[in-house]
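Have a look at the structure below before the remarks.
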Amino acid sequence: MPLSSRTVQQCLWDTTERIPDEEAVVVVHTATRKTFSQLTKDVETLAAGLVALGLKRGERVGMWGPNSYEWVVTQYATAQAGLILVSVNPAYQANELEYVLRKVGCSALIFPSQFKTQRYYDILKKICPEIDHSPAGGIKSKSLPGLRIAIVLDEKFPGTFQFQEVMDAGSTQDVKQLHEIQKTIMCDDPVNIQFTSGNNGYPKGAALSHQQYCETMRPGRDGGFNWRKPAGVAVPVPCTMCMGSGLGSLMMACTDPKRRSFHLTFEVRPLLEAISKERCTSMYGTPTMYIDLLGQPDYAELASTLTSGVIAGSIAPPEVVKKFALETPMRNILIGFGTTENSPVTFAGFPNDDLIRKCDTAGHIMPHTEARIVDTTTGQLVPLNTPGELQIRGYCVMLGYWADKEKTRETITPERWYKTG
C-alpha cells in the first residue's frame, strides 16, 4: 500500500462517511458511547469553539488529564483546527507543568477539575496565580507568558471556560473560518507534541506529524485485525502516550474495518470487566498490563473473546508472550517496538510468525521505514550480528524536538536517520 498523504481530519471524515452509524468510542468508566457521526459532530463543534476563542493555526493546546471522551474529541478537534495538541502527563505537578507549558508556549490548557489526588486548577494556580483574577480567555501570566486560555472539563473556576461553554461558542462564521483553515492543513504539518525525558532528565517535546499518526493503520492492518470481525479494542494505556493516542484513539479512524470500538479503562479489574462486557477482541497494552491480567483468577473466563493484541511500551518478557500465544485464545498477540520520537511503531510482528519470532523478536520493520545498525564512532554500518546503534528513517521519524534545534541535530542526522541511542 502506498504511503498515505491524508491528514487526521481526512481519516475521520472518510471513516464517518463510510460507516456513520457504527460505534466509534466507548468510554466504559463514564458509560459514554458514540457513533462515528456523533463523534464527528462533536469534533467539529469543539474545533469551531476553539476558533471562536481566537486560537490560530499552529498554536499549541495542552491536554492535561486522564483518558476521557473529551480527550478523544480534543485530539481530533485540535487537528481539524490546525492546532497542535500537547500531551501533558496527568501526574505532573506544578514545576513539571510549568516547564512543559513554557517549553512549547502553550496558548491554552484543557483539564478536568480533579483526578485521584490531583486538583488540577490548584496546581495551575501555583504557577499562574493571575488566573484567579483574570477573565476567561484573558490570562496574563508572568511565568507562562504564552498562556491565555484555560478550559475545565467539568467545572467552572475563576479565569476559566467550562468545556461546554467552548462547545457552545462557535458561530456560523467560526465554522466557515474552520473550513478555510482545514484546506491549508498538510500531512507533514505537526499535529501533536509528546514529551520524552531522554538522557538528561529534562523533558523534550517530540513534534509529530499528521502522517505519522495516519500511518498507525499499518500495525493493525498488517497484524490482521481487518480480516476478523471486529468487536472492540481495549485500550487501557494513557492517551498522553503515543501508544494510547496513536494506536488507540486515532487508529479507529485510520483503519478500514466495519466496526472499531475504543475502550478507555483504568486498573486491572475494571479493565477485565470491560473486556468481558464489551466482548473486546483485541487489546493494546504494556507488558505490565498483560501480566496483571494473567494474574486475575478468572482471566480465562472473562477474557475469552480476546484473540489478538499488541504488547509494547517496554521490553516484553518472552515467557509472557509465549503464555498468551499458547495458553489463551490470544494466539495473535504481537510485539510492537518504537520510541516517542518514532511514533508509534517501527517494528511489529505478524500473526503468522513462528513462536520464536513472535516471542523473542520485535518482528518486522514497518512499510516505508528503514533501519540500520552503525558504529557510533565511525558512523559506518556494522557487519551482521555485530552490536551497534539502531537508527531509523522514514515517515515515523519526528519532525524534531520543539524549540530545541541543538538536540534535534544531535538526534537526527542530515539524512534524516534517527539515532535511538
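Could you check, for region 215-233, whether at least one of its residues is at pLDDT 85 or above and either over 17 Å from T15 (Cα atoms) or not aliphatic (A, V, I, L, M) (or both)?
Of all residues in region 215-233, those at pLDDT 85 or above come to 233.
This time we only want the ones that are either over 17 Å from T15 (Cα atoms) or not aliphatic (A, V, I, L, M) (or both), so: none.
No: zero hits.
When residues of region 3-44 are filtered for being of a type outside the set (D, E) and more than 24 Å from D154 (Cα to Cα), how many remain? Number satisfying all stated conditions: 16. Taking the listed residues V100, V86, the one that is closer than 24 Å to L250 by Cβ and touching a Lys or Arg at 6+ places or on another chain (Cβ under 9 Å) is V86, with no other qualifying.
Taking the listed residues S282, S261, the one that is modelled with pLDDT of 80 or more and among the polar types (S, T, N, Q) is S282, with no other qualifying.
Select, from A81, A94, A77, the only residue that is over 14 Å from A207 (Cβ atoms) and over 19 Å from the mean Cα position of the chain (by Cα).
Working: A81 fails: over 19 Å from the mean Cα position of the chain (by Cα); A77 fails: over 19 Å from the mean Cα position of the chain (by Cα).
One residue alone meets the criteria, A94.
So which residues in region 329-369 are surrounded by fewer than 17 Cβ atoms within 10 Å (Cβ to Cβ) and aromatic (F, W, Y), if there are any at all? Answer for region 329-369, where residues must be surrounded by fewer than 17 Cβ atoms within 10 Å (Cβ to Cβ) and aromatic (F, W, Y): just F350. Only a single item in (1) at pLDDT below 95; (2) under 20 Å from the mean Cα position of the chain (by Cα); (3) not hydrophobic (A, V, I, L, M, F, W, C) is not met by G62, and it is number (1).
Among the residues of region 13-35, the ones that are more than 21 Å from V237 (Cα to Cα) and either modelled with pLDDT of 95 or more or out of contact with any Asp or Glu (no Cβ under 6 Å at 6 or more places or on another chain) (or both) come to 10 in all.
The values are calculated or read from the model by the stated rules, or taken from the named source; none is laboratory data. These figures come from a predicted structure and were not determined experimentally. FYI the Cβ positions are ideal-geometry reconstructions off the backbone, even for glycines, and counts take in every protein chain you see.
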